[in-house]
Amino acid sequence: MLRKHILSFLIILMFGALFAGLLSLDLFQGAKYRRLSDSNCIRLIAQSGARGNILDRNGAIIVDNKISYDVSILPQELGQLDRIFSGVSRILGIEAKELKSAFRRNYFSSSIPVTVASNIELKTAILLGEYKMEEPSIIVQPRPLRHYPYGSLASHVIGYVNEIDRWRLTKLEDYGYKTKDIVGFGGIEEKYDFYLRQEEGGLSVEVNHQGKFMRVLGFEPPRNGKDIQLTLDLNLQKIAEEALSGRKGSIVLMDPQSGQILALASYPNFNPAVFVNKRTRLIAGLFNNPDSPLINRAISSSYPPASVFKLVTASAGLELKKINLSTSFLCRGSTMVGARKFSCWDTHGEQDIVLALAHSCDIFFYKTGLLLGAQNIHDYALKLGLGRVLGLELPYETSGFIPSPLWRKINKFQKWFDGDTANLSIGQGDCLVSPLQAANMMAVFANGGYLPSPYIIKSVGALDLSARKKKFPRVDFERSTFETIRRGLRLVVSDPGGTGNVLNGLDVRVAGKTGTAQVSRGATHAWFAGFFPYDNPKYVICVLLENGGPGHVATVVARQVIEAMNKQGLI
């Protein structure tokens with residue numbers, strides 16, 4: 001009897017516990033589970049804005065966006081998914097197993113549609129839109145895609161876009177970047193990604209227990225990125241790239257008065273569209289190409305400046321009164337520096353500073369450099385903007401390098417010899433500059449003594465950056481120094497024996513300096529840096545041909561550029 005009472009009590013106790021549990025679920029936790037049930041019926045459909053356009057100085061589009069279409073599927077039960085994959089496969093012409101693979105690869109959450117195909121044609125998108133009547137779980141979404149109407153034109157200035165990598169994500173996730181975001185790599189796309197990138201919006205929709213669309217619950221509109229206008233002139237950029245085509249090197253055109261970059265060409269170049277279209281083999285070819293087509297040679301590579309550097313030695317000699325207009329040295333084709341013979345590329349006879357610049361006489365500059373000493377040459381190179389980053393609004397700008405006796409002692413534990421000074425005085429040895437730095441140095445002699453800060457951004461969105469008044473630092477040389485060197489630079493072109501005489505006879509008067517840089521392997525690098533028109537300079541030009549031969553070759557390319565500019569009425 002007692003056992004019956006105990007058993008009855010246990011049964012009543014169990015039913016009481018079940019009743020209390022049901023009561024708790026209904027009264028106390030009912031609201032919580034209702035919310036969970038409701039949220040399980042909500043799906044989030046992202047909508048992407050358009051990345052900002054990139055324009056030239058006149059408002060012409062360099063990079064914009066075109067509309068592509070993506071196919072997404074709301075997560076379903078397995079049997080339903082198989083039926084959907086089969087239908088979508090027939091329309092897209094893609095095997096169902098590939099769609100399933102893309103679904104598994106891109107699945108993130110049951111509340112977010114999964115993209116199974118990207119960048120489909122408009123006709124196919126329309127067919128899928130009709131099929132959506134049978135399968136509401138299919139979503140066909142327009143998506144802006146980067147578009148390059150001029151192909152590879154200005155590719156090193158622009159850069160390219162691709163899916164964010166792990167290194168960038170670790171640096172940028174605190175700023176709202178996330179996995180699978182499309183971001184800029186190189187050029188303006190990378191440097192100004194924060195301004196160019198769009199903000200996502202989207203729809204919040206309700207689906208039933210089978211995952212089928214029921215109604216829209218809310219909408220947040222996407223925001224487009226800001227447009228960026230450059231100082232580049234598309235016409236000048238085309239001229240520069242056409243002149244450079246097939247030659248490894250770079251061409252820089254800039255305004256010596258304002259510091260605006262008007263053209264910045266580098267070759268070999270690349271087509272940024274291959275990254276948008278996911279052309280895997282072509283992308284691998286770019287990264288594995290020994291000619292490094294992704295490197296912007298105008299700002300990211302540095303070379304021995306050779307005779308272009310003689311402007312530094314000439315300036316230092318005149319300013320420190322080691323030489324003057326009456327100073328002359330006899331060039332017999334070679335001279336002894338210590339126990340070693342240093343040669344000139346020709347035998348020039350008696351040369352003063354103006355003729356030495358015109359004929360690029362190494363003997364004159366060896367002797368001037370030895371009078372100055374290496375440290376003075378180093379210091380004057382820095383005054384003319386060499387050996388440091390110039391601050392152009394593009395990533396990966398090199399600082400170049402100007403050696404000195406102190407650097408040699410600290411870093412190499414070696415002595416500096418007179419032979420090192422002789423090499424430095426003609427821009428050889430450890431001396432390195434970028435084409436942009438050479439152009440910027442030439443601008444000092446074009447504008448009468450101001451060191452520009454080159455820039456390439458004209459405006460970001462509605463903010464006009466070109467309106468800012470730039471005060472360039474004055475290079476504290478005497479006026480006579482600039483006048484003497486300008487005379488020499490003009491004679492480079494106008495004198496029958498000048499190294500840049502190929503530029504004579506144009507409709508515009510040109511001044512400048514050639515250079516033939518000796519390198520350890522391959523042919524010499526060819527340089528020409530100059531400005532025009534001579535009396536009222538509007539343009540500085542620098543041509544660098546990597547392993548291009550003697551400086552004469554660079555002057556031929558410069559002539560092609562100037563003739564094309566003149567033909568189009570751009571001078």
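The values are calculated or read from the model by the stated rules, or taken from the named source; none is laboratory data. For clarity, every value in this text was computed on a predicted model and none was experimentally measured. All Cβ positions, even for glycine, are placed from backbone atoms using ideal geometry, and neighbour counts span all protein chains on display. Note: accessible area is taken over every heavy atom of the protein model, side chains too, but ligands, DNA and RNA are not part of it. Shrake-Rupley method; radii C 1.70, N 1.55, O 1.52, S 1.80 Å.
For this structure, a couple of remarks:
- Criterion: at pLDDT below 75, assigned to a loop (DSSP other than H, G, I, E, B) and open to solvent by less than 70 Å² (accessible area, probe 1.4 Å) - qualifying residue of SER37, SER109, SER89: SER109
- Test: THR347 is among the β-branched types (Val, Ile, Thr) and open to solvent by 10 Å² or more (accessible area, probe 1.4 Å): yes
- Failed item, numbered, when TYR131 is tested on (1) surrounded by fewer than 18 Cβ atoms within 10 Å (Cβ to Cβ); (2) under 28 Å from VAL63 (Cα atoms); (3) hydroxyl-bearing (Ser, Thr, Tyr): (2)
- Residues that are touching a helix residue (DSSP H, G or I) at 6+ places or on another chain (Cβ under 8 Å), surrounded by 16 or more Cβ atoms within 10 Å (Cβ to Cβ) and not in a strand (DSSP E or B), drawn from the stretch 153-180: LEU153, ALA154, SER155, HIS156, VAL157, ILE158, GLY159, ILE164, TYR177
- Against the criterion of being buried (at least 23 other Cβ atoms within 10 Å of the Cβ), at pLDDT 95 or above and in contact with a Phe, Trp or Tyr (Cβ under 8 Å, 6 or more places away or on another chain), GLY515 qualifies.
- Residues in the stretch 61-80 that are modelled with pLDDT under 75 and not acidic (Asp, Glu): LEU74, PRO75, GLN76, LEU78, GLY79, GLN80.
- Inside the stretch 445-481, residues that are part of a helix (DSSP H, G or I), open to solvent by less than 10 Å² (accessible area, probe 1.4 Å) and not hydroxyl-bearing (Ser, Thr, Tyr) make up a count of 2.
- Residues of the stretch 399-411 that turn out to be within 21 Å of the chain's Cα centre (by Cα) and either of a type in the set (D, E, K, R) or surrounded by 17 or more Cβ atoms within 10 Å (Cβ to Cβ) (or both), as a count: 1
- The stretch 350-388 - residue that is without any contact (Cβ under 8 Å) to a residue 40 or more places away in the chain and more than 20 Å from LEU432 (Cα to Cα) and, of those, surrounded by the most Cβ atoms within 10 Å (Cβ to Cβ): PHE364
- The requirement of being out of contact with any Ser or Thr (no Cβ under 6 Å at 6 or more places or on another chain) and outside any loop (DSSP other than H, G, I, E, B) is satisfied by ARG490.
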